[in-house]
Amino acid sequence: MYRVMLIDDETSARRLLQESIDWKALDMEIVGEAASGIEAINIIDELLPDIIFVDINMPFMNGIEFTKLATERYKELMIIILTAHDDFEYARQCIRLPVVDYMLKPIVRQDVLDVLTGVKEKLDAKKPKDPEKGAEIAASAIDQICQYLQENFTDSQINLASVAQQFGFSASYLSRKFKQEKGKSFVEFLMECRMERAIELAGTNAKMFCTAGDVGIPDPNYFGRCFKKYTGISYSEYVSKLHQG
């Protein structure tokens, strides 16, 4: 099944897309949602979508900015821009971006179906005859990738796509093989490297925004959520606990 991601700061817009389309009939499934471009960029490596619907007008990172970043990582992404009438000319100005189509909001079900049918035809045509496209990985290559991540996790530009390209594999293939070999996903391993270093820095009483940047997560808010998920408590609570007395 093709993997679909919905990015829109309006919950109602995401619900409408999710519920008005028979995704299974199109051989598609919704694998994730995000309320902003920043949130989407932070989880795209884990979700590995084939198709993305993204609203053009969102706070912090709009749909155009997201599209530029996302398509730098994943050249084959099928992105559909959602735009209100007032933003339509703005969207047209960005025609050079690798966008499949632009759709006016509020969306019309049949229009979405027509666009998705065209997208599916393009994706079907790109399907490799060999589903395991790319070189084989055994286990030493995964070990090399793990070592590379341990040595370079402070680089905020590191992600599944860039590492896969560097080592000569497709992103989806590397993701699958990494999980098979290590029992955890690529994203989980990278986050583990970053959080273990963050714990060390917390021991030096470093400020959270400094630690966030030092471990390769420049967004302090996202770092804070990751740290709490990993340790069970917030960064400030962790630092306070370490330095009590």
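The values are calculated or read from the model by the stated rules, or taken from the named source; none is laboratory data. Since the model is a prediction, treat every value here as computed from it, not as a measurement. Virtual Cβ from ideal backbone geometry, glycine too; neighbours counted across all protein chains shown.
What residue, among those in segment 136-157 that are at pLDDT below 85 and in contact with a helix residue (DSSP H, G or I) (Cβ under 8 Å, 6 or more places away or on another chain), is farthest from residue 193 (Cα to Cα)? Going through the qualifying residues, I end up with 137. Here residue 203 does not fit the description of being under 26 Å from residue 143 (Cβ atoms), surrounded by fewer than 16 Cβ atoms within 10 Å (Cβ to Cβ) and either of a type in the set (Asp, Glu) or more than 17 Å from the chain's Cα centre (by Cα) (or both). When we screen 221, 205 for residues that are out of contact with any strand residue (DSSP E or B) (no Cβ under 9 Å at 6 or more places or on another chain), on the phi > 0 side of the Ramachandran plot and not small (Gly, Ala, Ser), the only hit is 205. Of the residues 179, 122, 133, the single one that is at pLDDT below 90, more than 30 Å from residue 56 (Cα to Cα) and among the basic types (Lys, Arg) is 133. Cβ-Cβ contacts under 7 Å between residues 6 or more apart (or on different chains), taken from a first residue in segment 143-165 that is on the phi < 0 side of the Ramachandran plot to a second residue that is exposed (fewer than 14 other Cβ atoms within 10 Å of the Cβ) and outside any helix (DSSP H, G or I), are listed as 156/218.
Could you check segment 213-235 and list, in sequence order, the residues that are over 17 Å from the mean Cα position of the chain (by Cα) and loosely packed, with under 14 Cβ neighbours inside 10 Å? Selection gives 229, 232, 233. Restricting attention to segment 191-225, the residues that are among the acidic types (Asp, Glu) and in a loop (DSSP other than H, G, I, E, B) add up to 1.
Can you find, within segment 15-61, the residue that is nearest to residue 170 (Cα to Cα) among those that are among the charged types (D, E, K, R) and part of a loop (DSSP other than H, G, I, E, B)? Top of the filtered list is 50.
Just one of the numbered conditions (1) assigned to a helix (DSSP H, G or I); (2) out of contact with any Ser or Thr (no Cβ under 7 Å at 6 or more places or on another chain); (3) surrounded by 14 or more Cβ atoms within 10 Å (Cβ to Cβ); (4) not aromatic (Phe, Trp, Tyr) is not true of residue 147: (3). Which ones in segment 1-14 are touching a residue at least 40 places away in the same chain (Cβ under 8 Å) and in a loop (DSSP other than H, G, I, E, B)? Scanning segment 1-14 gives 8, 9, 10. Suppose we filter segment 18-47 for residues that are surrounded by fewer than 20 Cβ atoms within 10 Å (Cβ to Cβ) and aliphatic (A, V, I, L, M); how many remain? Residues flagged as surrounded by fewer than 20 Cβ atoms within 10 Å (Cβ to Cβ) and aliphatic (A, V, I, L, M) within segment 18-47 amount to 9.
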